[in-house]
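Read through the structure below, which is laid out as structure tokens, and then see the notes.
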Amino acid sequence: MSGKLAKPVFVFVNGVSSGGDGEFKLHEKNNLYKASVSLDKGTYKIKIADQAQSCDTTFGPNADTRISFGTATQMSSCAKGEFELKVVMAGSYDFTLNYTKDTPTLSILRGTKKVEVKRQPPAVDCDKWDGGAITANVSKAWKNGTTVRDAYTGQTAVVKNGKVTMTPAPESEGILLLEEAKDYSIAPFSWDNANVYFLLTDRFNNGDKSNDHSYGRKFDGKDEIGTWHGGDFRGITKKLDYLKDLGINAIWVTPIVEQSHGFVGGGTEESFPFYAYHGYWAADFTNIDKNLGSEEDFQKFVDEAHKRGIRVLVDVVMNHAGHATLKDLQDFNLPELVVNADQLPADYSDFKPVGLYGTWSSVNGSINTKTKEWKKWWGPDWVRAGLPGYPEPGVGDADMSIGGLPDFLTESNKPVSLPYFLKHKKDTKAVDLPNATVVDYLVSWHTYYVRKFGIDGFRGDTVKHVDPIAWKKLHQSATAALKEWKAENPTKKIDDLPFFMVGEVWDHGVARDLWYDNGFSSIINFDYQKESMSYTQCMKTADDVYKKYSKMISSDPGFNALSYISSHDTKLFFGDYKDFALQKRAANSFMMLPGQVQIYYGDESGRDLMKDGGYLDQSLRSDMNWGDLDKPENKDLVKHWSILANFRLKHPAVAAGSHATLSKSPYTFMRQNGKDKVVIVSAGRK
């Protein structure tokens with residue numbers, strides 16, 4: 001059946017031919033056809049067909065179904081059904097029809113061609129603000145004669161007849177941050193009042209260019225989508241004063257441990273070398289990755305953060321190890337897992353695609369996945385993997401393989417010895433532990449960083465894919481380790497608080513469940529981001545959420561939630577609209593949220609998306625936009641976030657107080673925690 005298309009074929013979107021670039025053109029490879037279509041965010045019905053939708057040139061499923069990005073999906077050439085395509089980011093999308101086999105396949109990836117699709121935020125009914133003075137009822141907060149101050153502008157007013165009248169700063173997007181007019185200092189730290197700044201270390205700031213190519217890692221010389229960019233601990237340390245001024249009291253850094261040395265192929269036709277710059281593909285948990293710096297660099301970062309009253313959270317992975325890349329097999333002396341070695345460069349990190357049509361994915365062709373010698377890697381007692389002699393991954397949360405990564409047997413009670421490759425790895429700190437399970441090793445390895453450096457907490461990755469008891473063991477061990485470190489370092493410690501853990505349970509909301517009984521005092525809240533645009537457009541639409549969060553958090557001292565508007569996996573709020581005024585309004589509703597808040601690096605500075613090569617999450621991981629911070633709009637945005645964040649630090653009532661709605665128009669509410677009391681007023685939209 002393979003051959004050239006008999007007729008012009010187009011992408012049909014919701015029954016309409018896209019025409020133009022949407023016509024499939026013969027690619028450089030025989031019988032490989034490509035078309036590009038610009039799509040806004042939404043869900044579409046797609047069919048590939050000629051204009052008459054003739055049999056033999058109508059490609060799709062035989063029944064309606066859904067297709068995933070980046071997956072080559074078999075197509076009938078006489079299709080009766082359509083497939084559903086869900087687009088979460090507007091842009092150009094490349095459709096590739098592979099007609100070389102008896103059964104044609106279709107792959108879809110986000111295109112690299114830059115297409116500007118100007119998006120407008122959805123309209124939401126809200127009070128209109130003319131930019132003038134507003135009057136707010138504060139009678140339940142303060143007595144007549146009390147002088148109150150707007151912390152945003154510094155202006156004061158006296159309460160008369162239970163009301164105050166003030167004019168919000170034009171640059172505030174209509175918010176008043178009311179407090180009694182007196183001196184305030186930063187409140188004593190509590191995890192209940194955490195302003196957490198989450199950064200990808202590699203993409204934040206490069207403080208030491210000498211470590212940019214550790215383990216032979218290379219730039220690709222093109223879009224650098226999946227390469228290491230050079231950010232490191234020295235770079236973070238240099239920006240600690242910026243973060244303190246911003247109002248940050250906790251920093252969450254991506255995993256610090258030694259990562260897979262080499263790369264895997266990212267993308268398909270537009271492939272790129274995909275390294276472990278993000279930190280979630282561990283090779284050796286006992287070492288700090290050299291790209292990020294030395295142990296001395298990390299210690300200085302922690303110490304300098306503590307001097308500024310900033311706590312350090314380290315991301316930890318208990319669920320999986322990293323890929324065994326070709327470079328790892330060379331560095332770990334596992335030649336039996338390599339094929340066609342005589343065709344490879346002397347240093348495997350020099351591997352490049354061969355020929356006009358070669359892709360970075362071809363690196364995988366040099367790895368022998370059929371041999372039983374894979375027992376010399378992690379081994380079947382340690383992980384599930386699709387390798388000879390290994391347990392096969394399952395389909396449930398506990399036994400699935402996330403992203404094809406080797407899944408640790410965290411539920412196993414079987415004592416294990418060190419994996420072969422670690423026993424023979426020259427620079428590892430790993431040693432055999434007596435009668436230890438996989439979890440015992442993982443706990444020991446992660447706890448080392450607490451006992452050695454005095455870090456304050458962990459952010460647990462992929463929590464629901466790990467046996468709960470494993471997390472409880474980690475928390476118990478880390479708590480003991482931090483207590484020991486503080487006892488041994490009385491001049492370095494900044495408090496006597498116990499170890500803190502927050503977990504990523506995918507799609508979790510604000511609800512108490514078993515994770516809070518197994519080491520976690522907070523779970524990342526996925527719900528807020530989903531509705532954040534409504535709250536951004538009109539702050540009063542968040543009132544029910546404010547009430548719910550406040551009631552749950554203030555009534556249970558062992559419960560909290562870490563909310564966000566942007567992350568490395570979901571979306572970058574600024575990237576959707578590139579609207580500075582909108583980003584300020586997002587901050588207004590978000591930073592007044594009860595509970596803990598997580599600012600993703602660049603939320604405060606207007607950091608934009610980067611090219612993604614068809615992998616949408618890669619676009620969210622651009623370099624911090626330090627070069628923009630002197631531009632008026634970006635500088636003003638940073639100042640806005642700083643005012644809000646520092647207001648939270650001075651007033652624990654915002655995060656941990658009771659919530660009382662005082663007025664719907666203008667939207668006014670009070671937060672109170674003991675003697676601490678504030679009133680927030682939103683004038684509405686200009």
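For the stretch 481-607, relative contact order (Cα pairs under 8 Å, six or more residues apart, normalised by length) works out to 23 percent.
Among the trypsin sites (Lys or Arg not before Pro) in the stretch 381-486, those located in a DSSP loop and surrounded by at most 16 other Cβ atoms within 10 Å of their own Cβ are Lys426, Lys429.
The charge dipole of the stretch 494-611, taken about the Cα centre with unit charges on the Cβ atoms of Lys, Arg (+1) and Asp, Glu (-1), comes to about 460 debye, rounded to the nearest 20. Calculated FRET efficiency, Lys143 to Lys41, Cβ-Cβ distance, R0 = 51 Å: about 0.55 to the nearest 0.05. Taking a ≥ b ≥ c as the square roots of the eigenvalues of the Cα gyration tensor of the stretch 103-259, is the shape rounded (a/c under 1.5), prolate (a/b larger than b/c) or oblate? Note, shape of the stretch 103-259 comes out oblate.
Report the one residue of Ala481, Asn287, Ile48 whose Cα lies farthest in the direction of the positive end of the charge dipole of the chain (charges on C-beta: Lys and Arg +1, Asp and Glu -1; origin at the Cα centre). Toward the positive end, the furthest listed residue is Ala481.
Ordering Val159, Leu106, Ile469 by Cα displacement along the dipole of the chain toward the positive end leaves Val159 in first place; charges were set at the Cβ atoms of Lys, Arg (+1) and Asp, Glu (-1). Close amide H pairs (under 5 Å, H built 1.01 Å from N) link Gly614 with Arg110, residues at least 5 positions away or on another chain. Calculate the length of the line joining the C-alpha centroid of the stretch 615-686 to that of the stretch 341-409, in whole Å. So the separation of the two Cα centres works out to 45 Å. Among beta bridges from DSSP that stay inside the chain, the antiparallel ones total about 70%. Using the Karplus relation 6.51 cos²θ - 1.76 cosθ + 1.60 with θ = phi - 60°, the per-residue 3J(HN,Hα) values for the stretch 302-312 come to 4, 4, 5, 5, 4, 4, 9, x, 9, 7, 10 Hz, with x marking Gly and Pro.
Hey, got a sec? Which chymotrypsin sites (Phe, Trp or Tyr not before Pro) in the stretch 314-422 land in a DSSP loop and have at most 12 other Cβ atoms within 10 Å?
Details: sites: Phe332, Tyr348, Phe351, Tyr357, Trp360, Trp374, Trp377, Trp378, Trp382, Phe408, Tyr420, Phe421; in loops: Phe332, Phe351, Tyr357, Trp377, Trp378, Trp382.
The qualifying sites are Tyr357.
For the pair Leu32 and Ala181, label points projected 7 Å from Cα toward Cβ lie 7.2 nm apart. Of the peptides 674-680, 62-68, the ranking by mean beta-carbon count within 10 Å, highest at the top, reads 674-680, 62-68. Our coupling estimate for the stretch 563-579, obtained by passing each phi through the Karplus curve with A = 6.51, B = -1.76, C = 1.60 and θ = phi - 60°, is 9, 7, 10, 9, 7, 6, 10, 10, 7, 9, 4, 5, x, 5, 10, 6, 10 Hz, Gly and Pro reported as x. Rounded to the nearest 500, the helix-only mean residue ellipticity at 222 nm of the chain stands at -6000 deg cm²/dmol, with each DSSP H run of n ≥ 4 adding -39,500 (n - 2.57). Residue ranges 314-322, 386-394, 121-129, 170-178 sort as 314-322, 170-178, 386-394, 121-129 when ordered by packing (mean number of other C-beta atoms within 10 Å per residue, highest first).
Take each peptide in 436-443, 527-534, count the other Cβ atoms within 10 Å of every residue, and average; sorted highest first, the result is 436-443, 527-534. Ranked by solvent-accessible area (1.4 Å probe, protein heavy atoms only, all chains present), the residues Arg671, Arg512 order from largest to smallest as Arg512, Arg671. Measuring nothing but how far apart in sequence close Cα pairs (under 8 Å, 6+ apart) lie, relative to its length, the chain scores a relative contact order of 14 percent. Taking Cα centre as origin and charging only the Cβ of basic (Lys, Arg, +1) and acidic (Asp, Glu, -1) residues, the dipole magnitude of the chain rounds to 1540 debye.
Using DSSP to call loops (not H, G, I, E or B), can you name the trypsin sites (Lys or Arg not before Pro) in the stretch 154-204 whose Cβ has at most 10 other Cβ atoms within 10 angstrom?
Lys182
Just the protein heavy atoms count here, and of the accessible area of the chain at 1.4 Å, carbon and sulfur take up 49 percent. Overall shape: prolate for the stretch 297-379, with the ratio a/c of the largest to smallest alpha carbon gyration tensor axis at 1.5 or above and a/b above b/c.
Couplings 3J(HN,Hα) for the stretch 417-425, derived from phi with the Karplus relation 6.51 cos²θ - 1.76 cosθ + 1.60 (θ = phi - 60°), are 9, 4, x, 3, 5, 6, 4, 9, 7 Hz, where x marks Gly and Pro.
The values are calculated or read from the model by the stated rules, or taken from the named source; none is laboratory data. The structure displayed is predicted, hence computed values, not measured ones. When we count neighbours, we look across all protein chains shown, and the Cβ atoms used for this are built from the backbone with ideal geometry, even at glycine. For accessibility, only protein heavy atoms count, side chains too; no ligands or nucleic acids. Shrake-Rupley method; radii C 1.70, N 1.55, O 1.52, S 1.80 Å.
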